[in-house]
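Chemist: This structure is in structure tokens; I'll ask about it shortly.
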Amino acid sequence: MDVITRDVNQFSSLTTTPCVLALGFFDGVHRGHQQVIATARRRAQALHLPLAVMTFDVHASQVIRTPRSDQFRYLTTVTQKAALMARLGVARLYVIHFTRAVAAMSAQAFVDQVIAPTLAQVVVAGFDYTFGVGGQATTATLMTLSRGRFEVITVQPVTVGAWKISSTRIRDLIGAGEITAAETLLGHPLTIAVTGHGRALVPELAKQQLPPPGRYRVTAGRHRAFTLTVTDANELVTGQAYAGPLTLGGWARVAGVSRASALG
């Protein structure tokens, strides 16, 4: 899979190969996101075109301040997103550097200067996708703004029980220690990228959603299992020293009892 990182002003003459394009931030690449990508993949296969995805490098709330900006936490790094998307058959991943200038673009400018240069023949997005200044434009708007250049497909929400699958819901579950429930909505294991600095493990993302304080049994790779502590200060501490990058998976709480899973 090709990963193409660009500032918004570098999108002119981006490619000479048409594609089917999926749009979204895709934090967590959860089962709802997977449905968007699967819909785009089926259309790409029918048209014999490569499947592309467009996302941002940072969440909009971290550039445009809101009352909830400080509380926002990420589920996945861009590298983790790319790895998950590669498994879903994505051939091309566009990562746009999100800035105040991007946030201030009109919806028409975003279509003309960012989407159109990908030569998308079909654009697929979730029902709640918004874009343009203030996030006022929707997929319904996109059909008008396309001016016939591409087809637009809107994917409806995916639910489990009474709950719509969303990144926000998954963050809440992880924060409550409901790892199994969170993984049910993710559709893949929860993994957190960290770097070892002695007994401290530092998340690659400064604003990483972590489980609540407690002791957890985790794995790093296929054969390395160990216990770590999530402290009240959201620090990760192990019983022995580690150095370099690690990807933590297989989260299982061994001290403290989490609430019973409640997906509705």
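The values are calculated or read from the model by the stated rules, or taken from the named source; none is laboratory data. None of these values were measured; they are calculated from a predicted model. Ideal geometry is used to build each Cβ from the backbone, glycine not excepted, and the neighbour counts take in all protein chains shown. Just the protein is used for accessible areas: all its heavy atoms, side chains included, with ligands, DNA and RNA removed. Shrake-Rupley method; radii C 1.70, N 1.55, O 1.52, S 1.80 Å.
Chemist: R0 = 41 Å: FRET efficiency of residue 195 with residue 64, Cβ-based, nearest 0.05?
Modeler: The calculated FRET efficiency here is 0.90.
Chemist: So, one more: Compute the separation of the alpha-carbon centres of segment 135-185 and segment 63-105 and state it in Å as a whole number.
Modeler: 14
Chemist: Per residue, how large is the accessible surface of segment 134-234? Use a 1.4 angstrom probe and give square angstrom.
Modeler: 49
Chemist: Kindly write out, for segment 52-63 in residue order, the coupling ³J(HN,Hα) from the Karplus curve 6.51 cos²θ - 1.76 cosθ + 1.60 (θ = phi - 60°), rounded to whole Hz, with x marking Gly and Pro.
Modeler: 10, 10, 10, 9, 10, 7, 10, 6, 4, 5, 8, 10
Chemist: While we're here: What number comes out for the charge environment of residue 217, summing +1 per Lys or Arg and -1 per Asp or Glu over other residues with Cβ under 12 Å away?
Modeler: Computed value for this residue: +3.
Chemist: Would you mind giving the average projected area, over all directions, of the Cα convex hull of the chain in nm² with one decimal?
Modeler: 14.8
Chemist: When the helix-only estimate is applied to the chain (DSSP H runs of n ≥ 4, each -39,500 (n - 2.57), divided by the residue count), what is the mean residue ellipticity at 222 nm, nearest 500 deg cm²/dmol?
Modeler: -6000 deg cm²/dmol
Chemist: May I ask you to give the percent of accessible area on segment 142-254 that is carbon plus sulfur, with a probe radius of 1.4 Å?
Modeler: That fraction is 53 percent.
Chemist: Rank-order 138-151, 57-70 by packing density, defined as the average count of other C-beta atoms within 10 Å over each peptide's residues, highest first.
Modeler: Highest to lowest by the protection proxy: 138-151, 57-70.
Chemist: So which DSSP H runs in the chain come out at 18 Å plus along the axis (Cα) with average Kyte-Doolittle of at least -1.0?
Modeler: 31-47
Chemist: Next question, about the same structure. Expressed as a fraction of 2.2 N^0.38 Å, the rule-of-thumb size for a compact globular protein of N residues, what is the C-alpha radius of gyration of segment 29-157?
Modeler: 1.05
Chemist: How much solvent-accessible surface does residue 158 expose, in Å² to the nearest 10, with a 1.4 Å probe and all protein chains in place?
Modeler: Looks like 40 Å² after rounding.
Chemist: Would you work out what percent of the accessible area of segment 1-99, with all protein chains in place, is carbon or sulfur (probe 1.4 Å)?
Modeler: Reported share for carbon and sulfur atoms: 51 percent.
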